[in-house]
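Chemist: This is the structure, below, for whatever I ask next.
Read-outs: derived from the displayed coordinates by stated rules, not from any lab. As the structure is a prediction and not an experimental result, all values here were calculated from the model. Every residue, glycine among them, receives a Cβ derived from its backbone with ideal geometry; neighbour counts consider all protein chains shown.
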Amino acid sequence: MSTETVREYLTEEEEDRIGLHTQEMILNMGPSHPATHGTVKFTLRLEGETIRDLDPDIGYLHRGFEKMCENATYTHAFPYTDRLNYCSPFINNVGYALAVEKLLGIEITERCKYVRTIISELHRISDHLTCLAATSLELGAFTVFLYGVQSREEIYVLTEEICGARLTVSYVRIGGLTDDLPESFADHWKLVKRRLDKNLYDIDKLIGRNRIFIDRMQNTGILDTETAISYGCTGPFLRACGVEYDVRDAAPYLVYDRLDWTMPTGTRGDNWDRFLIRLAEIEQSISMIDQCIEQMPEGPVRIDDWRVVLPPKDEVYNSIEAMMAHFKLIMEGLKVPPGEVYSYTEGANGELGFFIVSDGSGKPSRVHVRPPCYHLVAALPEIMRGKLIQDLVPTFDTINMIGGEIDR
Amino acid sequence: MKQPLRPKSERAKPFERREMTFAEKLFYPAIWEGLKVTTKHLVENIFGRKHTVTLEYPEVQRPYPERFRGQHRLMQRDDGSPRCVACMCCSTACPSNCITIVAGERPEETIEKFPMRFEIDLLKCIYCGMCVEACPCDAIRMDSGVHPKPTYNRQAAIIDKEGLLAAGAKTIATQGGTFGSRVAGHLKKHI
Amino acid sequence: MQAYAHRGDECVVVARDQLVAVATHCRDEPSMHFDMVVDITAIDHLETFDEFRFEVVYHLYSLPHKHRLRIKVRLDEDDVHVPSVSGVWKGALWTERETYDMFGILFDGHPDLRRLLLYPEFEGHPLRKDYGFADIQPLVPLTDIGVPMSLGTPFAGTNRERGIAVGEGTSAAGKALIPQTTAFKPDVVYK
């Protein structure tokens, strides 16, 4: 099914002669379709089973993230960023905080850098697991879905221990974090890692060499490298095309330049490459977290500047200066000098960029987010034109569209 | 043809893709391997609950972690009155505007204000914990460990001051001391 | 042309009529080789500047050279036309649509400039500063697609025995065309 080229259909005279009549069909797939995780509608123009044209219709989850940020202080935007990519909210938190810190021109503490790396990688694992599990589910491998989601559940429990919530974390603050990692983190992580290793092994056993699964994935959803770059695709999608680009490697932020890790790249740029890259990146993330826990120094997780971060609670209770700094920060919001920055981090699906314009007041003048999967979905018509409709399902899965992020 | 320019990285490691062997092309080995995995899980789950991840809710409940952000509570002074001084920090810091405070005067004491009304609309609340972070006198906390309960009408989701205080307790946080040296050093640095 | 840098982000302001020439040069010049447009958005300076109101912002990235550039085009309020760069980078196709959707900036030469995130009947452009935070949109009346609902489905007309003829172009052999839905424009083909 996968390698079959598009068959040229019969002319009208031939159809009349045989008595067979074909016509183009317009099919609405979505907005709530079991095979499209996330709320999105495709309007397909079909000729038989071949997709002649495709029009993705996004915006069903649009809630005005950018407009809301213009009416909130810089700190208030953290709960909004949690809801961008709801599979990896820590990465959004970190990306937004790094953007504001770049605009402020401040340097965070060493321990904070390590903690932010740990939580980013933790949620990269969770995002990749969600993608792998959903892909398998939609191609019929329900057991793989259960194993993947079981591991993700354990990561959520760990997340809850870190910050008190499973999904809506709002853990990172400008200039630091709300709190240090809990003391039990390293032990708990060892437990999660052991179960994760076991589940990844099982997943590999179930579908790693299974022809039923591989036939659906191999040689489907191919986009050539030039077009992918022209569309602005990044992340596992671009690495599957063989382009050695990762923001963590090209412009290292936090502590990624101190860690020992490799960047898996594919060769063909098909769905199976993207699937394998995500599996390999999970292993890399596990090793990165282990290295971070080993290297992590002691120390504070917030910078010592009361114009940016809230003072410690015991000083607020007991000294008038800390109380004043506390009140000024809460009531007026964080004052950011005028200017504009574009800050970029590696999200789970590619480059996650925040473009922030400040006019010097306590509220941002403009916050724009560059969601990684937005450019991948924009390239979807190019990938799918002339292909079969059943290849749309695995392709859309490995693109890993996240509704909250693309619709903002 | 000109070779297109591509980024080069030392970290990059292209992985090899193995073509399927004849045995794998026959479908059966993969099916057999898969059945082995699922059967192992089945046996493990029947003869021992060590690997089971599900819980028999509600008889068995997972304990919430220490930092769990649950339903709010208002802490009390030694005489049982609320510690809140109606400074409006929490309602300002709240991203979803779910806290309503009406301040009242208390002339006979050194503390001038107290909340006449203190209501939290749990339907609006997003449990981000920013009110707890913003409170300068340890009055509001989210450490009750109570998961927000569903209600039959919207009015029941608004908890008032009495409800919040009933869940609260006396706190040992002290206020009004001096924190001389560190604060002075800090001020010298920034002001 | 004007260039400045802030916090390490280099920025160039170009005139509107030179934009496509500058963009093409940035892409094709080997020492720059900006092969990717990372993002396109706009800024509304309603209260900040008098000389211009909108700035259309292009973020470029070069994969082999690992450097970035920001290009800006300044626009007046009453003339919001910009030449489209979708012929230079395909990544501009959706980002320009979104900028049109949110700011009402018209990209001349864009093959398919419609709203992306919002619905077609939306009035105004929400990210402009004069669009209020709590503005309410009018209710959109139900659209009349011209044929009865039972016939408007994609499968209508396939039953040859019933001989349903929908729309124009019904051939003698009994082939019926599907009525065009409003959402889809088959004449638009991305090249």
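Chemist: Taking the Cα atoms of chain B, what is the range of coordinates along each of the three principal axes, in descending order and whole Å?
Modeler: Answer, in whole Å and largest first: 91, 58, 35 Å.
Chemist: From the C-alpha gyration tensor of the protein assembly as shown, pull out the three semi-axes of the equivalent ellipsoid (sqrt of 5λ each), sorted largest to smallest, in whole Å.
Modeler: Details: eigenvalues 437, 220, 165 Å².
After diagonalising the Cα gyration tensor, the semi-axes are 47, 33, 29 Å.
Chemist: Per residue of B:30-40, what is the mean number of Cβ atoms on other protein chains within 10 angstrom of that residue's Cβ? Each step should come with its number before you reach the end.
Modeler: On the way: counts 10, 4, 0, 7, 11, 1, 2, 9, 6, 0, 2.
Across the residues of B:30-40, the mean count of other-chain Cβ atoms within 10 Å is 5.
Chemist: Using just the C-alpha positions of the range A:28-171 as equal point scatterers, what log10 of I(q)/I(0) does the Debye formula give at each q in 0.12 1/Å?
Modeler: -0.66
Chemist: Then there's this: Largest first and in whole Å, give the semi-axes of the range A:113-221's equivalent ellipsoid, each being the square root of 5 times a Cα gyration tensor eigenvalue.
Modeler: On the way: eigenvalues 195, 42, 24 Å².
Square roots of five times the eigenvalues give 31, 15, 11 Å.
Chemist: Ranked highest first by average number of other Cβ atoms within 10 Å, how do A:357-364, A:112-119, A:263-270 line up? List each step's numbers first, then the result.
Modeler: On the way: A:357-364: 18.6, A:112-119: 24.5, A:263-270: 20.4.
Going from most to least packed, we get A:112-119, A:263-270, A:357-364.
Chemist: With all distinct Cα pairs included, what does the Kirkwood hydrodynamic radius of the range A:211-347 come out to in Å, to one decimal, could you say? Intermediate values should be presented prior to the final figure.
Modeler: Values: mean 1/r = 0.0526 Å⁻¹.
Its Kirkwood hydrodynamic radius stands at 19.0 Å.
Chemist: Now for a separate question. Please report the relative contact order for the range C:1-117, taking Cα pairs under 8 Å with a sequence separation of at least 6, and give it as a percent rounded to a whole number. Walk me through the numbers before you get to the answer.
Modeler: Working: 225 pairs, mean separation 28.2, N = 117.
Over the range C:1-117, the number comes to 24 percent.
Chemist: Here's something else I'd like to know. Tell me which of B:Ala86, B:Val146, B:Met130 sits at the most positive position along the dipole axis of the range B:73-175, charges placed on C-beta atoms (Lys, Arg +1; Asp, Glu -1).
Modeler: Selected residue: B:Val146.
Chemist: Report, in order of residue number, the helices in chain A meeting two criteria: a C-alpha extent of 30 Å or more along the helix axis, and a mean Kyte-Doolittle hydropathy of at least 0.0; treat each whole DSSP H run as one helix.
Modeler: Values: long enough: A:110-138 (42 Å, -0.07); A:142-163 (31 Å, 0.46); A:185-207 (32 Å, -0.63); A:271-295 (36 Å, -0.16).
Span-like helices in chain A: A:142-163.
Chemist: Describe numerically, in nm with one decimal, the distance between label points set 7 Å from Cα along Cα→Cβ at A:Asp257 and at A:Phe142.
Modeler: Result for the modelled spin labels: 5.1 nm.
Chemist: Averaged across the residues of A:258-264, what count of C-beta atoms belonging to other chains lies within 10 Å of each residue's C-beta? Could you put the intermediate results ahead of the total?
Modeler: Numbers: counts 0, 0, 1, 2, 6, 6, 5.
So the per-residue partner count for this stretch is 3.
Chemist: Let me ask something additional. Under a crude label model (7 Å from the Cα following the beta-carbon direction), how far is C:Ser31 from B:Arg77 in nanometres?
Modeler: Inter-label distance under the simple model: 7.3 nm.
Chemist: With respect to the cross-link table entries A:Lys190/C:Lys66; A:Lys41/C:Lys129; A:Lys190/A:Lys313; A:Lys363/C:Lys72, which display a Cα-Cα separation exceeding 28 Å?
Modeler: Working: A:Lys190/C:Lys66 37 Å; A:Lys41/C:Lys129 30 Å; A:Lys190/A:Lys313 32 Å; A:Lys363/C:Lys72 23 Å.
With Cα atoms farther than 28 Å apart: A:Lys190/C:Lys66; A:Lys41/C:Lys129; A:Lys190/A:Lys313.
Chemist: Using Cα atoms only, what is the angle between the long axis of helix B:180-190 and the major principal axis of chain B, expressed in degrees (0 to 90) to the nearest 10?
Modeler: Once rounded, one gets 70 degrees.
Chemist: Using a Förster radius of 51 Å, what is the FRET efficiency between B:Lys8 and A:Ile293 based on their Cβ-Cβ separation? Nearest 0.05, please. All intermediate terms of the calculation are to be shown ahead of the outcome.
Modeler: Numbers: r = 31 Å, r/R0 = 0.61.
That pair, B:Lys8 with A:Ile293, gives E of 0.95.
Chemist: Which residue, A:Thr109, A:Thr130, A:Ser120, has the largest displacement toward the positive end of the dipole of the range A:103-143 when charges sit on each Cβ (Lys, Arg +1; Asp, Glu -1)?
Modeler: Going by the Cα projections, it comes out as A:Thr109.
Chemist: Test of understanding: express the Cα radius of gyration of the range B:73-175 as a ratio to 2.2 N^0.38 Å, with N the residue count.
Modeler: Details: Rg = 13.3 Å, N = 103, 2.2 N^0.38 = 12.8 Å.
After normalising by residue count via 2.2 N^0.38 Å, the value is 1.04.
Chemist: Using 0.36 nm times the number of residues separating A:Lys328 and A:Asn219, minus their current alpha carbon distance, what extension gain do you get?
Modeler: Numbers: separation 109, 0.36 × 109 = 39.24 nm, distance 5.85 nm.
Going from the current span to full extension adds 33.4 nm.
Chemist: If you don't mind, there's one more thing I want to ask. Per DSSP H run of at least 4 residues, take -39500 (n - 2.57); add these up for the protein assembly as shown, divide by its residues and hand me the 222 nm value, nearest 500 deg cm²/dmol.
Modeler: Taking each H run of at least 4 residues, the total per residue is -10500 deg cm²/dmol.
Chemist: May I pose another question? Under 18 Å from the Cα of B:Lys149, which lysines turn up, not counting those fewer than eight places away in the same chain?
Modeler: B:Lys124, B:Lys161
Chemist: Given a Förster radius of 45 Å and the C-beta distance between B:Phe47 and B:Arg18 as r, what FRET efficiency does 1/(1 + (r/R0)^6) yield to the nearest 0.05?
Modeler: 0.80
Chemist: Now, a different point. If you take each beta carbon of peptide B:128-139 and count the beta carbons of other chains within 10 angstrom, what is the mean?
Modeler: Average per residue, whole number: 6.
Chemist: About its Cα centre, how strong a charge dipole does chain A have in debye, to the nearest 20, once Lys and Arg get +1 and Asp and Glu get -1 at the Cβ? Before the final figure, lay out the partial values.
Modeler: Working: 42 positive and 63 negative charges, 161 e Å.
About 780 debye.
Chemist: Using only the Cα atoms of chain A, construct the convex hull and provide its projected area averaged over every direction, in square nanometres to one decimal.
Modeler: Average projection, Cα convex hull of chain A: 21.3 nm².
Chemist: Next question. How far is helix B:28-47 tilted, in degrees, relative to the longest principal axis of the Cα atoms in chain B, given as a value from 0 to 90 rounded to the nearest 10?
Modeler: 40 degrees
Chemist: Then there is this: Under a Cβ-only charge scheme (Lys and Arg +1, Asp and Glu -1), can you give me the dipole magnitude of the range C:1-136 about the Cα centre, in debye to the nearest 20? Could the numbers behind the result be given before it?
Modeler: Numbers: 15 positive and 25 negative charges, 135 e Å.
Dipole size: approximately 640 debye.
Chemist: Over what distance in Å are the Cα centres of the range A:259-312 and the range B:59-88 separated?
Modeler: Taking the Cα centre of each part, the range A:259-312 and the range B:59-88 sit 34 Å apart.
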